[in-house]
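A.B. asks: Here it is, the structure in full.
Read the figures in this text as sums done on the coordinates, not as results from a lab. In this text, all values refer to a predicted model and were calculated from it rather than measured experimentally. All Cβ positions, even for glycine, are placed from backbone atoms using ideal geometry, and neighbour counts span all protein chains on display.
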Amino acid sequence: MSNNLKIAILGTGNMGGALLGGILKAGVVSKDDVIATVKTEEKANTLRDKYGCTVLSGGNRTAAQQASVIVLATKPHIVPKVVDEIRDTLRPDQILVSLAAALPLSVIEKRLPHPMPVFRAMPNIPVVVEEGAIAICSNTQAQPEHQILVDRIFRAVGVVCTVEEDMMDAVTALSGSGPAYVYMVIEAFIAGGVKMGLSREISTRLAEQTVLGAAKHVRQSLAHPAVLRDEVTTPGGTTIVAIHELERHGLRSMLISAIETATKHAKERSQVLARKLDQA
């Protein structure tokens, strides 16, 4: 399949557009082998000018017919409508990939005319800078070769992890919502630097690079973050004093609780959405 790979991205908004740009930049497919759909001709013209590929205003059925991999990049409550729209064009040898992390695979499968591989993906917002964290799960029709192909597509915009579907709510809470937590940390770093006399510009540069560098160090060293923390914590130094203050205010407990709370909320939202769509 990958030798004749053709990708359709239906509903190419921010996330779909980031994926489109990533797969073209990485050479997963050429611009002649990808087709995107948007709502308006104005948006279609913008994407055509930017990427040079085929972009249709509407045209979900046309795009789906030509593709071997169909990416459903619309909002969760729209996905079933799009599946219904393209239903009679779907073939068993195609792959469906939904970017609607809150939407269970079963909701999509119930609308299919026949069994076929379906994947559910949770990309986070840093895919727009090709540094996303993407978790994927799949139905029982997905085979190892399908998994390899979907991994290859998403590696164009970040790091890919495979999880069981019942872990997708935790993924949403950790990496889906996680950038917001990190933005708050960066914001606080900047404010702290400003409070202590640094200019806002210098505080911003130092804060963003500190977070970026620390994350890269964790990835490349393969060491536990606690080990790396201890390496920069000298007896009686400034770091241990600051760590004590963070521990006194419960930084780690707050973040753990935030992910726990967000997971529960994501699970509830997913269940409510599934019930609502099943009744539609």
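A.B. asks: Count charges around LEU99 for me, please; just the other residues with Cβ under 11 Å from its Cβ, Lys/Arg as +1, Asp/Glu as -1.
C.D. replies: Numbers: positive: LYS75, ARG120; negative: none.
Net charge around LEU99: +2.
A.B. asks: Over the residues of the range 71-174, compute the C-alpha Rg and express it relative to 2.2 N^0.38 Å.
C.D. replies: 1.01
A.B. asks: Can you give me the Kirkwood hydrodynamic radius for the range 2-164, using every pair of distinct Cα atoms, in Å to one decimal? If you can, show how the numbers build up before the last one.
C.D. replies: Values: mean 1/r = 0.0652 Å⁻¹.
So the Kirkwood estimate lands at 15.3 Å.
A.B. asks: While we're looking at this one, here's another question. Given Cβ point charges of +1 (Lys, Arg) and -1 (Asp, Glu) and nothing else, what value in debye, to the nearest 20, does the dipole of the chain about its Cα centre take?
C.D. replies: On the way: 30 positive and 28 negative charges, 91 e Å.
The dipole magnitude comes to about 440 debye.
A.B. asks: LYS50: which aspartates and glutamates have alpha carbons under 18 Å from its alpha carbon, excluding same-chain residues fewer than 8 sequence positions away?
C.D. replies: ASP32, ASP33, GLU41, GLU42, GLU130
A.B. asks: Relative to the compact globular guide of 2.2 N^0.38 Å, what is the alpha carbon radius of gyration of the range 84-236, as a ratio?
C.D. replies: Numbers: Rg = 20.4 Å, N = 153, 2.2 N^0.38 = 14.9 Å.
Relative to the rule-of-thumb radius for its length, the range 84-236 sits at 1.37.
A.B. asks: log10 I(q)/I(0), Debye, Cα-only the range 17-58, no solvent, q = 0.18, 0.25 Å⁻¹?
C.D. replies: Those come out to -0.43, -0.79, one per q.
A.B. asks: Also, I was wondering about something else. Mind jotting down the three principal axis lengths of the range 1-72 based on Cα atoms? Whole angstrom, largest first.
C.D. replies: Per principal axis, max minus min of the Cα coordinates gives 33, 25, 19 Å.
A.B. asks: To test your reading of the geometry: what angle, between 0 and 90 degrees and rounded to tens, separates the Cα axis of helix 178-195 from the longest principal axis of the chain?
C.D. replies: Taking Cα atoms only, the helix is inclined about 30 degrees.
A.B. asks: Moving to a separate point now. When only alpha-carbon atoms count, how far does the range 176-258 stretch along each of its three principal axes, as whole angstroms with the largest first?
C.D. replies: Answer, in whole Å and largest first: 37, 33, 27 Å.
A.B. asks: For the pairs LYS75/LYS276; LYS6/LYS216; LYS75/LYS264, flag any whose C-alpha to C-alpha distance is greater than 23 Å.
C.D. replies: Values: LYS75/LYS276 15 Å; LYS6/LYS216 33 Å; LYS75/LYS264 20 Å.
Result: LYS6/LYS216 exceed 23 Å.
A.B. asks: Could you grab the relative contact order for the chain? Cα pairs under 8 Å, six or more apart, rounded to a whole percent.
C.D. replies: On the way: 414 pairs, mean separation 42.2, N = 280.
About 15 percent, as a whole number.
A.B. asks: Next question. Express as a percent, rounded to the nearest 5, the fraction of DSSP beta bridges in the chain (both residues included) that run antiparallel. Don't skip to the end; give the middle numbers.
C.D. replies: Values: 5 of 29 bridges.
Restricted to the chain, the bridges split so that about 15 percent are antiparallel.
A.B. asks: Sorted from largest down, give the three principal axis spans of the alpha carbons of the chain, whole angstrom values.
C.D. replies: Here the Cα extents, ordered largest to smallest, are 69, 40, 33 Å.
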